[in-house]
Amino acid sequence: MAEMTKYDVLKKYFGYDTFREGQEMLTDALLSGRDVLGIMPTGAGKSLCYQVPALLMPGITLVVSPLISLMKDQVSALNQAGIHAAYLNSSLTPGQYTKALDNMVRGIYKIVYVAPERLMTDRFLQAVRGIGVSMVSVDEAHCISQWGQDFRPSYVRISDFIHQLGQRPVVGAFTATATKEVREDILALLELKDPVILTTGFDRKNLRFEVERPRDKMKAVMDYVAAHRQDCGIIYCITRKLVEEVCARLIREGYNATRYHAGLSDEERKKNQDDFIYDRCRIMVATNAFGMGIDKSDVRYVIHYNMPKNIESYYQEAGRAGRDGLPSECILYYSGQDVVTNQFFIDQMNGTEQMDEPTRELIRERERERLKKMTFYCLTNECLRDYILRYFGEYGPNYCGNCSNCLTQFEEKDVTETARCLIGCVRESPRAYGMTMIADTVRGSKNAKITRCHMDENPYYNTCGDIPIYQLRQILNHLVLNGFLFLTEDAYPVVGLTKKAQDVLDGSIPVIMKAAKERPKASGAASTDRKKSTVKAADGPVDDVLFEKLRTLRMDIARKEKIPPYIVFSDKTLVHMCLLRPSDKEEMLKVSGVGEMKFKKYGDVFLQAIKGYHLQSEP
Ligand code: ADP
Ligand code: ZN
């Protein structure tokens, strides 16, 4: 292998012609002996950054990884590509563990994935001292930090482990978590030496973000899946009960759906998860318990049946769509009730037992603040991608052209008159109330709460009787989002006035609101191409029939070999095949994702399938 270059490795084993943004720089750094820290969003291709150099280095590469499922997936993908790799974790029987360890010492593997708990065991240390370790790569490196959500104490001992090795290997660390505290922890606790640090943007251009407010969420889901029958997708619900309802309905309507939540037995969870990964079920309905370590690359949509509790969770869950880089959709169905449910969860939060009450309240307050930002995401008329990126401290595009707001035509409406009534009503109230009370007052509602609080004596009572309640809410939200009013941080937020509010009452500034022009009736407002499946490629339309044919072939192979279909070939590779329609080996190797080894295994059958299709469609 000595004469191979990194490009040869990329092509031969992984079937790719070019590195992606950042990959080459990190590969080069590792090959030149420099430590690296790579901060890249999910799906950016972190693993390649250490797998390519691993094959070019003289000794073996140890990859520390926290999740058993992730290790298994990575190792089977490597073996598929013709690279000798193995994993060492608690899922192996003692016999299997011994065998794998022996093989490692005998130099059979180029890459070994290992659970952090194993590193400092006598057996592992002894085994590893006898062989040359060229590189230690730390996957999900944020697990080393107590600031992160996935703290793993055994990660802290990785640097001890590295000290135990005779010669210090080059060290690479990779994560998708970008906060400053976590980054500093990684640098310090892993003792990285003069590392090359690379952060690639968090933007996932192939994801389309949408927020909808369907009156009937169940119907919206049914419409969506009916228009995307061929696609794999995840539907996240906020409660187990909803998961059960949505899943049952899908099954009743004849869909291949399955479910996942903490109320199911371990056994059933595992089975359902596998059904989804192996494409036996196309739709997964789940609570947020589902997804850690799910590497499935061809998830075409992620629907949130409810608004999640914060943007971090949302972006992580929605980000499970489109890891292969193909166009995919992230859709959130918002309703006011979601805010109430999340608030309830926050109130119920107890943290860990050792926490004292002030700390607990502090945490609750932070959660409320984050929930508010999540809610604003659902209400804003600005670019959704921009909103998310700014939340993570990046400069967004302002206009991305690929979110429901950028794709909706808005018109500007002067709502100064109504805004004045709302603001006036707040000012004239004897005490502070929530949004609903204010809206009900200007609408002239006669409900019991209004009379009990004497709001019917407010000078602005019934000044907007002709404006529908949902519009009043929109305007109130607009006033909050734009700093005319503010909401308190309490469990039941009340509305207060800011300085800017006075200017509206004085008549010195108008209130202009962007409002969507009449939307088409269907629930899917943003995209006009709803009726088709989502398989589109950048360079042209894809023949759906051929694509399905290749997909079926892939499924057959996967079943026979008992591996997930996307490990045979990704959707992206199949799409590329449909576009190029290769007729011989040389052409087939030009398809992105087809390397030498994959060609040897599957090249011929896929060539046959494409040829057969030609004959059939061009008599
Ligand atoms: P991460 O670990 O950063 O979430 P992965 O390493 O799982 O991402 O890679 C995501 C997907 O991108 C995989 O399907 C992988 O095969 C693909 N990929 C990685 N690098 C490239 C590349 N240079 N060209 C094309 N596809 C790539
Ligand atoms: Zn946008």
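The values are calculated or read from the model by the stated rules, or taken from the named source; none is laboratory data. It should be emphasised that the depicted structure is a prediction, and the values quoted were computed from it without experimental measurement. As a convention, Cβ positions derive from the backbone with ideal geometry for all residues, glycine included, and neighbour counts pool all protein chains shown. Side chains are part of the model used for accessible areas, which takes the heavy atoms of the whole protein and leaves out ligands, DNA and RNA. Shrake-Rupley method; radii C 1.70, N 1.55, O 1.52, S 1.80 Å.
Each residue in the range 80-97 was checked for being free of Cβ contacts under 8 Å to residues at least 60 places away in the same chain and surrounded by 13 or more Cβ atoms within 10 Å (Cβ to Cβ), and 9 pass.
Is it the case that the range 34-52 has a residue that's farther than 28 Å from Glu394 by Cβ and either of a type outside the set (Asp, Glu) or crowded, with 23+ Cβ neighbours inside 10 Å (or both)? Taking every residue of the range 34-52 in turn, none turns out to be farther than 28 Å from Glu394 by Cβ and either of a type outside the set (Asp, Glu) or crowded, with 23+ Cβ neighbours inside 10 Å (or both).
Tell me, which residue of the range 408-439 that is at pLDDT below 85 and not aromatic (Phe, Trp, Tyr) is nearest to ligand 1 (Cβ to nearest atom)?
Thr408
Results for (1) part of a helix (DSSP H, G or I); (2) without any contact (Cβ under 8 Å) to a residue 24 or more places away in the chain, shown as yes or no for each residue.
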residue: Val225; (1), (2): yes, no
residue: Ile235; (1), (2): no, no
residue: Leu242; (1), (2): yes, no
residue: Glu268; (1), (2): yes, yes
residue: Met284; (1), (2): no, no
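The condition (being without any contact (Cβ under 8 Å) to a residue 24 or more places away in the chain and away from ligand 2 (no atom under 16 Å from the Cβ)) is satisfied by just one residue among Arg106, Arg118, Arg183, Arg152: Arg106. Looking only at residues of the range 582-619 that are of a type in the set (Val, Ile, Thr) and either assigned to a loop (DSSP other than H, G, I, E, B) or without any contact (Cβ under 8 Å) to a residue 60 or more places away in the chain (or both), we find that the one that is surrounded by the fewest Cβ atoms within 10 Å (Cβ to Cβ) is Val605. Consider the range 433-474 and keep the residues that are polar (S, T, N, Q) and more than 20 Å from Lys514 (Cα to Cα). The one that is surrounded by the most Cβ atoms within 10 Å (Cβ to Cβ) is Thr441.
For the range 319-338, a residue qualifies if it is open to solvent by 30 Å² or more (accessible area, probe 1.4 Å) and away from ligand 1 (no atom under 16 Å from the Cβ), and the qualifying residues are Ser335, Gly336, Gln337. In the condition set (1) under 30 Å from Ser313 (Cβ atoms); (2) open to solvent by less than 10 Å² (accessible area, probe 1.4 Å), Ile111 is compliant with all but (1). If you go through the range 283-298 and pick out every residue that is modelled with pLDDT of 95 or more and either closer than 25 Å to Glu140 by Cβ or open to solvent by 30 Å² or more (accessible area, probe 1.4 Å) (or both), you end up with 3. Evaluation of Asp279 against the conditions (1) within 30 Å of Gly401 (Cα to Cα); (2) in contact (Cβ under 8 Å) with a residue 60 or more places away in the chain; (3) surrounded by fewer than 21 Cβ atoms within 10 Å (Cβ to Cβ) shows that the sole unmet condition is (1).
Residues that are open to solvent by less than 30 Å² (accessible area, probe 1.4 Å), within 16 Å of ligand 1 (Cβ to nearest atom) and among the charged types (D, E, K, R) do not occur anywhere in the range 352-370.
Here are some residues: Tyr301, Tyr314. Which one is touching a strand residue (DSSP E or B) at 6+ places or on another chain (Cβ under 9 Å), open to solvent by less than 30 Å² (accessible area, probe 1.4 Å) and over 30 Å from Phe14 (Cβ atoms)? Checking each option against the conditions leaves just Tyr314.
Only one entry of Val246, Val221, Val182 meets the criterion of being part of a helix (DSSP H, G or I) and in contact with a Gly (Cβ under 7 Å, 6 or more places away or on another chain), and that entry is Val182. When the test is whether a residue is more than 37 Å from the chain's Cα centre (by Cα) and open to solvent by less than 50 Å² (accessible area, probe 1.4 Å), Asn477 does not pass it.
Scanning the range 389-420 for residues that are more than 8 Å from ligand 2 (Cβ to nearest atom), farther than 29 Å from Ser508 by Cβ and in contact with a helix residue (DSSP H, G or I) (Cβ under 6 Å, 6 or more places away or on another chain) yields Tyr391, Gly396.
Restricting attention to the range 419-460, the residues that are under 18 Å from Leu497 (Cα atoms), part of a loop (DSSP other than H, G, I, E, B) and either free of Cβ contacts under 8 Å to residues at least 60 places away in the same chain or in contact with a Gly (Cβ under 9 Å, 6 or more places away or on another chain) (or both) add up to 7.
Within the range 158-176, the set of residues being surrounded by 17 or more Cβ atoms within 10 Å (Cβ to Cβ) and either in contact (Cβ under 8 Å) with a residue 60 or more places away in the chain or over 26 Å from Gly45 (Cα atoms) (or both) comprises Ile158, Phe161, Pro169, Val170, Val171, Gly172, Ala173, Phe174, Thr175, Ala176. Set side by side, the residues Arg204, Arg229 differ, and just one is within 23 Å of the chain's Cα centre (by Cα), surrounded by fewer than 21 Cβ atoms within 10 Å (Cβ to Cβ) and part of a loop (DSSP other than H, G, I, E, B), which is Arg229. Out of the residues in the range 1-27 that are of a type in the set (D, E, K, R) and touching a residue at least 12 places away in the same chain (Cβ under 8 Å), which is nearest to ligand 2 (Cβ to nearest atom)? The extreme case among them is Glu21. Take Ala86 and decide whether it is in contact with a helix residue (DSSP H, G or I) (Cβ under 6 Å, 6 or more places away or on another chain) and among the small types (Gly, Ala, Ser). Against the criterion (in contact with a helix residue (DSSP H, G or I) (Cβ under 6 Å, 6 or more places away or on another chain) and among the small types (Gly, Ala, Ser)), Ala86 qualifies.
Note on the range 128-156: residues that are crowded, with 17+ Cβ neighbours inside 10 Å and part of a helix (DSSP H, G or I) total 8.
Considering the range 371-388, and only residues there that are crowded, with 21+ Cβ neighbours inside 10 Å and of a type in the set (A, V, I, L, M), the residue that is nearest to ligand 2 (Cβ to nearest atom) turns out to be Leu384. Restricted to the range 177-199, and to residues there that are surrounded by fewer than 19 Cβ atoms within 10 Å (Cβ to Cβ) and either of a type in the set (Val, Ile, Thr) or touching a Leu at 6+ places or on another chain (Cβ under 8 Å) (or both), the residue that is modelled with the lowest pLDDT is Thr179. Phe124 passes every criterion in (1) open to solvent by less than 10 Å² (accessible area, probe 1.4 Å); (2) outside any strand (DSSP E or B); (3) within 20 Å of Pro53 (Cβ to Cβ) apart from (3). So is Asp35 farther than 26 Å from Glu317 by Cα, touching a Gly at 6+ places or on another chain (Cβ under 8 Å) and away from ligand 1 (no atom under 14 Å from the Cβ) or not? In short, yes.
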